[in-house]
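Notes follow the structure.
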Amino acid sequence: MDFPLRTHSRFYNRFNDKMKNNSQVSDFIILGLSTNPDLETLVFFLFLIIYIVGFIGNLVIFILSSTDSVLNTPMYFFLGFLSILDICSISATVPKMLTCYIIKSKVISFYGCATQLFFFLWSVGTELLLLAVMAYDRYVAIGEPLRYSMIISRRVCINIVATLTIVGSLNSMTHTYCTFRLPYCDDNKINHFFCEIMPLLKLACADTYINEIVVFTADFILGICCFCLTCISYVFIINTILKIRSAEGKRKAFSTCASHITIVSMYYGAVIFTYIRPRSSLSLEKDKIVSALYAVITPTLNPIIYSLRNKEVKEAFKRFVRRLVKHTSLKPCQY
């Protein structure tokens with residue numbers, strides 16, 4: 001491979017030292033959450049349960065928001081899209097980890113690792129944007145109730161979701177390309193439970209300064225900026241709620257935002273902690289735990305939090321179960 005290394009002596013020397021007598025790796029080894037064999041069985045069943053609960057829960061939320069006429073509002077349209085992102089997030093990370101425990105092999109191919117990173121980053125980046133949009137949606141619903149259906153129309157919702165999907169894809173493609181264009185030599189052990197950017201950059205036998213700048217810039221825009229926009233929306237929301245005279249009106253207004261605030265606090269906090277900090281403070285062991293929070297735990301809790309705190313979702317689920325029982329009930333055979 002021919003790299004323009006002569007213009008950067010430090011980069012060139014480091015590259016030559018690491019590439020000497022080495023070759024580009026064709027696969028990686030995912031070490032997992034713990035290297036202790038005694039804990040592997042516990043980790044396997046724990047994440048198997050989490051994945052099943054998260055997948056089914058998000059699938060149910062998506063079905064309810066798509067089929068129930070009562071939930072035919074922008075809020076639940078965005079919630080349905082959030083469920084898709086959460087399914088993608090946990091499906092990009094957990095099944096491979098579970099497979100590694102079953103077949104007793106922690107190997108993942110080079111292109112399999114790139115694919116896993118792409119879909120995971122797409123779901124995370126798009127969700128960061130979506131949470132900011134959902135905060136604005138709540139502001140319009142509470143602050144401009146008479147104009148809500150006109151401002152956040154069905155067509156606007158579709159255009160927003162399409163835009164978020166494209167932006168999330170571009171962000172993910174940029175990170176995936178920048179990460180896997182680097183040369184990887186003998187050390188192919190990823191100290192993580194899936195293919196993440198930071199553990200991969202530590203394995204690269206090349207200068208990763210540009211990659212770190214790209215990561216920091218993208219996550220500052222998607223993390224910090226979206227978080228600030230979300231906070232601004234809630235400042236206006238709280239200001240509007242405080243102007244409501246009736247206590248019941250205030251309670252209802254707050255209840256529509258409580259679930260979203262809970263998810264935002266968990267998700268933004270974990271993502272910002274993982275990416276927006278100096279490289280010298282990185283600790284892959286701690287990062288694995290934090291990554292599990294926003295990559296697996298939060299997507300699993302999303303449908304639980306929204307359903308437990310939302311009467312409309314509960315009622316929609318009851319109607320869905322009644323329809324399901326009605327259509328699947330056995331009818332007497334007629335001869």
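Where a number appears in this text, it was derived from the coordinates with a stated rule and is not lab data. On a predicted model such as this, the values are computed, not experimentally measured, just so you know. Virtual Cβ from ideal backbone geometry, glycine too; neighbours counted across all protein chains shown.
Note on I224 and V167: with the Förster distance fixed at 22 Å, the Cβ-Cβ geometry gives a FRET efficiency of about 0.85. Using the Cβ-Cβ distance between R147 and K314 with R0 set to 51 Å, the FRET efficiency from 1/(1 + (r/R0)^6) comes to roughly 0.95. Amide H to amide H, with H built 1.01 Å from N, K189 comes under 5 Å of I29, counting only residues 5 or more places away or on other chains. Principal-axis analysis of the Cα atoms of the chain puts helix 74-103 at an angle of about 40° to the longest axis. If the segment from V290 to L324 were pulled out straight at 0.36 nm per residue, it would be longer than the present Cα-Cα gap by 8.4 nm.
Going by neighbour counts of Cβ atoms within 10 Å, the residues L46, L164, L64 line up, fewest first, as L46, L164, L64.
Working value for segment 46-122: equivalent-ellipsoid semi-axes of 30, 15, 6 Å, each the square root of 5 times a Cα gyration tensor eigenvalue, largest first. Run the count for segment 24-316, please: Lys pairs, Cα-Cα under 29 angstrom, 8 or more apart or on different chains. Value for segment 24-316: 25. The charge dipole of the chain, taken about its Cα centre with unit charges on the Cβ atoms of Lys, Arg (+1), Asp and Glu (-1) only, comes to about 1080 debye. Karplus-derived 3J(HN,Hα) values for segment 133-139, using 6.51 cos²θ - 1.76 cosθ + 1.60 with θ = phi - 60°, are 5, 5, 5, 5, 4, 5, 5 Hz; glycine and proline are entered as x. Helix 37-67 axis versus longest C-alpha principal axis of the chain: approximately 40°, rounded to the nearest ten.
Among the listed values (1) 1.26; (2) 0.96; (3) 1.04, the one matching Rg/Rh (Cα atoms, Kirkwood Rh) as calculated from this structure is (3).
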